[in-house]
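In what follows, a single structure is set out as structure tokens and then discussed.
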Amino acid sequence: MNNSIKYTLFASLLLGATTKAEVPTFTLEIRDHLFYPAQLVVPANTKVKLIIINRDATPEEFESYELNREKIIMGGAKAIIFIGPLLPGDYPFFGEFNPKTAQGLIRVEN
Ligand SMILES: [Cu+2]
């Protein structure tokens with residue numbers, strides 16, 4: 001095995017390790033003042049990354065008392081929120097600008 005092959009193998013091992021260490025990522029979309037999906041299941045005791053994409057033209061605010069998070073997402077923009085590590089349970093969230101329609105739930109499971 002020559003040195004350049006050894007280096008390539010080593011680099012791909014490192015890349016593999018980096019990929020495994022990445023935070024699990026979930027995507028939520030806002031469309032017509034609704035969240036899709038309305039329920040997300042995420043692993044317990046794990047830091048999780050939420051990408052929230054607002055497909056509406058109007059701003060929305062992701063808000064959750066249970067998760068202790070609030071974040072405004074402008075129309076056509078996206079935001080990133082980190083949550084957890086969390087205990088198993090249900091953590092509701094809503095869109096503060098359209099609270100009657102924009103409702104969802106993060107379900108944390110072992
Ligand atoms: Cu708020």
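Remarks
- Residues of the range 19-35 classified as closer than 15 Å to residue 76 by Cβ and open to solvent by 20 Å² or more (accessible area, probe 1.4 Å), total: 4
- Residue 81 exposed (fewer than 15 other Cβ atoms within 10 Å of the Cβ), within 15 Å of the ligand (Cβ to nearest atom) and of a type in the set (A, V, I, L, M): no
- All positions within the range 89-109 that are closer than 10 Å to residue 41 by Cα and open to solvent by 40 Å² or more (accessible area, probe 1.4 Å): 90, 107, 109
- First in the range 49-65 and under 14 Å from residue 31 (Cβ atoms) and in contact (Cβ under 8 Å) with a residue 12 or more places away in the chain, second anywhere and open to solvent by less than 20 Å² (accessible area, probe 1.4 Å) and of a type in the set (S, T, N, Q), Cβ under 8 Å, 6 or more apart: 60/54
- Inside the range 95-110, residues that are outside any strand (DSSP E or B), more than 13 Å from residue 28 (Cβ to Cβ) and not aromatic (Phe, Trp, Tyr) make up a count of 6.
Results for (1) more than 12 Å from the chain's Cα centre (by Cα); (2) of a type in the set (Ser, Thr, Tyr); (3) at pLDDT below 95; (4) away from the ligand (no atom under 16 Å from the Cβ), shown as yes or no for each residue.
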| residue | (1), (2), (3), (4) |
| --- | --- |
| 5 | yes, no, yes, yes |
| 12 | yes, yes, yes, yes |
| 27 | no, yes, no, yes |
| 34 | yes, no, no, yes |
| 47 | no, no, no, yes |
| 51 | no, no, no, yes |
| 57 | yes, no, no, yes |
| 60 | yes, no, no, no |
| 65 | yes, yes, no, no |
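- Filter result (surrounded by 14 or more Cβ atoms within 10 Å (Cβ to Cβ) and more than 16 Å from the ligand (Cβ to nearest atom)) within the range 67-78: 78
- Residue ID - farthest from residue 105 (Cα to Cα), chosen from residues in the range 36-45 that are open to solvent by 60 Å² or more (accessible area, probe 1.4 Å) and within 13 Å of the chain's Cα centre (by Cα): 36
- Count of residues meeting criterion [under 21 Å from residue 22 (Cβ atoms) and in a strand (DSSP E or B)] in the range 34-70: 11
The values are calculated or read from the model by the stated rules, or taken from the named source; none is laboratory data. Predicted model only: the values in this text are computed from it and were never measured. As a convention, Cβ positions derive from the backbone with ideal geometry for all residues, glycine included, and neighbour counts pool all protein chains shown. Note: accessible area is taken over every heavy atom of the protein model, side chains too, but ligands, DNA and RNA are not part of it. Shrake-Rupley method; radii C 1.70, N 1.55, O 1.52, S 1.80 Å.
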